[in-house]
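Below you'll find the structure, written out as structure tokens, and then a few comments.
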Amino acid sequence: MGIIAWIIIGLLAGAIAKALMPGKDPGGIIITMLIGIVGGLLGGWLGKVVFGVDSIDGFFDLSTWIAAIVGSVILLALYRLVAGNRHSHRHA
């Protein structure tokens, strides 16, 4: 898949991850989009490393989307953990 396809999948996976994990994030829409793109790549990599499957088969394959969404959810949770802690220490 090309870089444009990964950007599209990442943007959509980031939006889906945000819908699955609602709440106020320390960043805005740009951060959510970047988390989606990087999370999609993370999900594909984790699929290969952990499960030994090629989860990056094509744009319309379900495994590609699941990997991208799972990676985005993981990255969004980590971002909230790190940025939320940093944000709460500033106001303390």
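The values are calculated or read from the model by the stated rules, or taken from the named source; none is laboratory data. Bear in mind that the values here come from a model prediction, so they are computed numbers and not experimental data. For neighbour counting, all protein chains shown are included, and Cβ atoms are generated from backbone atoms with ideal geometry for every residue, glycine included. For accessibility, only protein heavy atoms count, side chains too; no ligands or nucleic acids. Shrake-Rupley method; radii C 1.70, N 1.55, O 1.52, S 1.80 Å.
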(message) Cβ-Cβ distance below 6 Å, separation of 6 or more or different chains: which pairs start in the stretch 47-73 with a residue that is at pLDDT below 70 and assigned to a loop (DSSP other than H, G, I, E, B) and end on one that is among the polar types (S, T, N, Q) and surrounded by fewer than 14 Cβ atoms within 10 Å (Cβ to Cβ)?
(response) none
(request) Please give the number of the condition Ile3 fails out of (1) closer than 21 Å to Asp61 by Cα; (2) open to solvent by 40 Å² or more (accessible area, probe 1.4 Å); (3) in contact with a Gly (Cβ under 9 Å, 6 or more places away or on another chain); (4) at pLDDT below 75. (result) (3)
